[in-house]
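Readers should treat all values here as calculations from the given coordinates under stated rules, not as data from a laboratory. If you're wondering where the values come from, they're calculated on a predicted model, not measured in any experiment.
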């Protein structure tokens, strides 16, 4: 019995081994079939990756069009963004340029404020409708804190092309309200410009209360008396201007240059010794050379 049982057991084990081997082969085939099916499904799913939740697939041409439109709109948006930035930068550049220009003008006006005010005064004096109005404008320049610089700018504009301004400024020099500082600066201006000295002598002879020859004779007598007194009396700047005009009208403009209140006696001696002939000095018809139109009214 023992041999028979052993043989049966061996036979049963052999069957189990075959069944196990056959089962493994079937499992392997089933697994291979599953993976093959899964690869096919994956490939199909990849093909239908653009399908929506409704499981409707979008054609590849449509997808390409959508992508192209997205790319186009992206380019447009980028361009508009750059354009907006360029406009903003341009506006900012314009604002900076305007601010810099305004600042430069402000700095220039501040550094040249005296010249700007004097030019404005020249314009107002030239536009004055009466001597009183012009007198008020000139007096306002004389009363400025830095009047010397302002008056220097004023006298340098004389004979600069505005004949009305030239008339009122020259006429104001004989007014009692005129300052000695204005007369001094005007006299120095004549010393540096011989043409302006001749124009001043022209205006002086036109405005003189007496006939020009009689006015010159009166000045010669007055200076003769002062010179004989030998007391070292100085002239006023108003008298210096009168003497400068006299010297220019009698042909001794060289003695009128750099004439001042303290050096007049030597100039007078040289002029008197030359025996000046002032009887031929006549009153001109016009206030200044090249005058156009009628002259403004003058209180003198």
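Observations on the structure shown:
- Evaluated over the range 152-300, the Cα radius of gyration and Dmax, each in Å: 14.8, 47
- A straight line joining the Cα centroids of the range 128-187 and the range 246-300 runs 20 Å.
- As a ratio to 2.2 N^0.38 Å, the alpha-carbon radius of gyration for the range 155-236 is 1.22.
- Equivalent ellipsoid dimensions for the range 206-276 as semi-axes, Å, which come from the Cα gyration tensor, largest first: 18, 13, 12
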